[in-house]
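Undergrad: Quick one: structure below, then a few questions.
The values are calculated or read from the model by the stated rules, or taken from the named source; none is laboratory data. All values derive from a computational prediction rather than experimental measurement. A quick note on method: Cβ atoms are made from the backbone with ideal geometry, for glycine too, and the neighbour counts reach across all protein chains shown. What goes into the accessible areas is simple: the full protein's heavy atoms, side chains included, and nothing from ligands, DNA or RNA. Shrake-Rupley method; radii C 1.70, N 1.55, O 1.52, S 1.80 Å.
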Amino acid sequence: MQSVSAKVSLTIIGIQSLMITLIVAIFFLLDLSIAQALENPFQFITILVIQAIAILAASYFVIRFALEHTVFRQLSVTGNTLQTVIAGDFSARIMNTDNDEVGKLQRQVNETIAHFETLVKSLEQSLANRARDLQTSVDVSRQITTILDQQELLEHLAQQTAEAFDLYHVRVYIYDEERDALDMVAASAHEQNAPDTQLKTYNLQGGGFSLDSPVPTAARTHKQAVISDVYETSEYIPDPYLPHTMAEAALPILFRGELLGVINLQSTQTYRFNQSDLQLLESFADQIAISIRNARLFEEIVTARQQAEYADNAKSAFLASTSHELRTPLNAIISLSSLVRRGALGAINEKQQEMLTIVWQSSQHLLALINDVLDMSKIESGSLKLFHQPNVELSTVIKEAYDLSLPLIGQKPVELKVTVQRNLPLMTIDQQRVRQILLNLLSNAIKFTEKGRVHLTATNRNDGILISVSDTGVGIAADDVPMVFEKFYQTESGLRQGEGTGLGLSITRSLVEQHGGLIWLESELNAGTTFYVLLPITPEKAIESIPILTPSTST
């Protein structure tokens with residue numbers, strides 16, 4: 001093939017020959033002699049101008065034709081190929097290149113495109129691998145955060161890490177601070193399926209295996225330790241169960257600077273752990289640290305809860321036993337003091353009767369406190385059972401509670417009023433426990449009302465009976481309202497009264513709920529309180545939501 005310069009030179013020679021030929025041809029065609037030209041100079045000059053224009057035009061077309069079929073065509077093919085590459089087709093190449101300068105340029109362009117294609121594919125593969133590793137890290141982290149048993153967590157972690165990152169083997173070591181040692185507690189399965197591996201414990205104070213190997217190094221320095229090729233270092237400790245290890249890495253598992261353990265990674269590829277991989281795995285180790293910490297906290301919570309439940313059960317059993325033992329002699333004191341006070345054992349003077357009355361009242365108060373403690377211990381242990389009686393008239397139970405509460409008023413200017421709707425449906429309830437509910441609410445209302453009124457109402461409310469006990473007493477502060485049903489909790493007014501254990505309302509709530517009912521209250525400080533109890537007609541129809549009260553149901 002000819003070079004570009006040779007092609008241009010030949011084209012110029014051809015043009016010169018063409019010009020001479022055209023001049024001769026024009027003179028021949030015009031049939032003009034030299035003599036004729038001299039006789040008519042103007043005509044001769046005109047002919048020469050026409051010839052020059054014709055020669056220039058012919059030269060232009062000849063040169064353009066020659067270049068278009070040589071240099072311009074090759075450059076056009078090169079430009080089109082580059083446009084195809086820019087559009088995203090990296091497989092485009094310039095075909096049928098010549099051996100001239102333009103052909104050399106075209107071959108260099110082909111080599112550049114091929115190199116660029118290789119770089120793009122490598123970058124795409126790297127991005128795909130990084131996205132895969134990140135997604136794998138996220139997936140494994142999501143899985144391990146749902147496991148709260150530490151041993152199960154670590155075993156799952158070792159296996160998932162090996163599979164997710166395509167590793168030969170993964171071990172997890174936990175740090176024992178008291179012994180200053182690392183104990184291997186979990187490992188992934190490997191090709192020989194060995195039950196144990198050689199490296200089970202590292203004593204960080206010396207002895208045993210080399211402290212320069214990756215696992216103890218990562219533990220001591222709190223930094224990653226890597227062996228890129230096991231045959232190029234003396235720090236690698238061969239393991240007969242893992243004969244194909246070619247690279248090893250160890251990453252410390254740290255939580256707020258505290259060493260929890262080390263994760264050991266082994267691969268069958270040399271230089272498997274580059275800096276980018278290690279950064280990802282280091283972030284993964286941080287997630288592992290959080291998971292281990294959560295698992296430990298969960299174990300501590302479970303242990304503490306078990307201990308608390310044991311202590312609570314022991315306390316409840318003790319209270320139940322003690323309360324039962326106290327009730328027998330206390331009932332005897334109440335009975336005997338009542339007999340003596342009434343003169344059944346002989347005449348007594350006024351002073352003696354006054355003292356016996358105090359003994360009897362104090363004994364009654366103490367019995368009520370013991371009964372509350374006994375009931376609460378039964379509730380906590382789940383041994384408090386209701387004895388449902390069918391066809392109970394609630395008005396009868398209300399009348400009994402009214403009669404027992406009336407003496408509690410004493411000399412206070414307080415009116416105790418009861419309003420019961422007529423024709424209330426018969427109920428299936430534990431009559432004794434419902435009477436206890438009413439007594440607790442009435443006694444509380446009387447205790448905190450120095451003057452005014454305590455009013456009990458009972459009305460039919462769909463499938464239940466709504467009972468309200470309202471008073472005009474001191475009321476309850478808004479901050480205390482959410483806590484009044486908690487056991488042993490007493491409001492400021494209750495503390496000033498200095499009576500009770502703070503168990504009455506808690507027991508009342510439990511008894512109401514065991515009947516399938518609801519209890520709530522409305523109160524305004526220094527304006528009074530109203531407690532509401534909604535009991536189902538039968539225990540099968542438990543109440544699930546508090547109804548919207550109309551003004552007619554409030555007092």
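Undergrad: Which entries in the list Lys412/Lys541; Lys385/Lys412; Lys385/Lys541; Lys385/Lys417; Lys351/Lys447 go over 29 Å, if you measure between the two C-alpha atoms of each?
TA: Lys412/Lys541; Lys385/Lys412; Lys385/Lys417
Undergrad: Could you check the spin-label model distance between Glu282 and Glu152? Points 7 Å from the Cα along Cα→Cβ, value in nm.
TA: Here the modelled spin labels are 3.3 nm apart.
Undergrad: Hey, another quick one. In a shell of Cβ-Cβ distance under 15 Å around Leu254, excluding Leu254 itself, what net charge do Lys and Arg (+1) and Asp and Glu (-1) give?
TA: Computed value for this residue: +1.
Undergrad: Express the carbon and sulfur contribution to the solvent-accessible surface of region 406-459 as a percent, rounded to the nearest whole number, probe 1.4 angstrom.
TA: 49
Undergrad: Sorted by mean Cβ packing within 10 Å, highest first, what order do the peptides 276-284, 509-517, 230-238 take?
TA: Averaged packing, sorted descending, gives the order 509-517, 276-284, 230-238.
Undergrad: Shape call for region 414-471 from the C-alpha gyration tensor, a ≥ b ≥ c root eigenvalues: rounded (a/c under 1.5), prolate (a/b greater than b/c) or oblate?
TA: Oblate.
Undergrad: If you add up the charges near Gly517, with Lys and Arg at +1 and Asp and Glu at -1, over every other residue whose beta carbon is less than 12 angstrom from its beta carbon, what do you get?
TA: That works out to 0.
Undergrad: On full extension of the chain, what length is gained from Leu297 through Leu404, given 0.36 nm per residue of separation minus the C-alpha to C-alpha distance?
TA: Roughly 33.3 nm would be gained on extension.
Undergrad: So with the 1.4 Å probe, I'd like the accessible area per residue for region 333-373, rounded to whole Å².
TA: Per-residue value: 66 Å².
Undergrad: Continuing with the same structure: How much length, in nm to one decimal, is gained on full extension between Glu486 and Tyr271, taken as 0.36 nm per residue of separation minus their Cα-Cα distance?
TA: 71.0 nm
Undergrad: Need one word for region 387-441: rounded, prolate or oblate. Basis is the Cα gyration tensor (sqrt eigenvalues a ≥ b ≥ c); a/c below 1.5 gives rounded, then a/b vs b/c decides.
TA: Cα axes put region 387-441 in the oblate bin.
Undergrad: Report, to the nearest whole %, how much of the accessible area of region 235-354 belongs to carbon and sulfur atoms, 1.4 Å probe, protein only.
TA: C and S fraction of accessible area: 54 percent.
Undergrad: Give, as a single signed number, the net charge of other residues whose beta carbon lies under 9 Å from the beta carbon of Ser213, with Lys and Arg counted +1 and Asp and Glu -1.
TA: With Lys, Arg at +1 and Asp, Glu at -1, the neighbours total -3.
Undergrad: Mind ranking 437-448, 216-227 by how tightly packed they are, going by the mean number of other C-beta atoms within 10 angstrom, highest first?
TA: Descending mean neighbour count gives 437-448, 216-227.
Undergrad: Same structure, new question: Output the peptides 390-401, 529-540, 464-475, 299-310 sorted from most to least packed, where packing is the average of other Cβ atoms within 10 Å over each peptide's residues.
TA: In descending order of packing, they fall as 464-475, 529-540, 390-401, 299-310.
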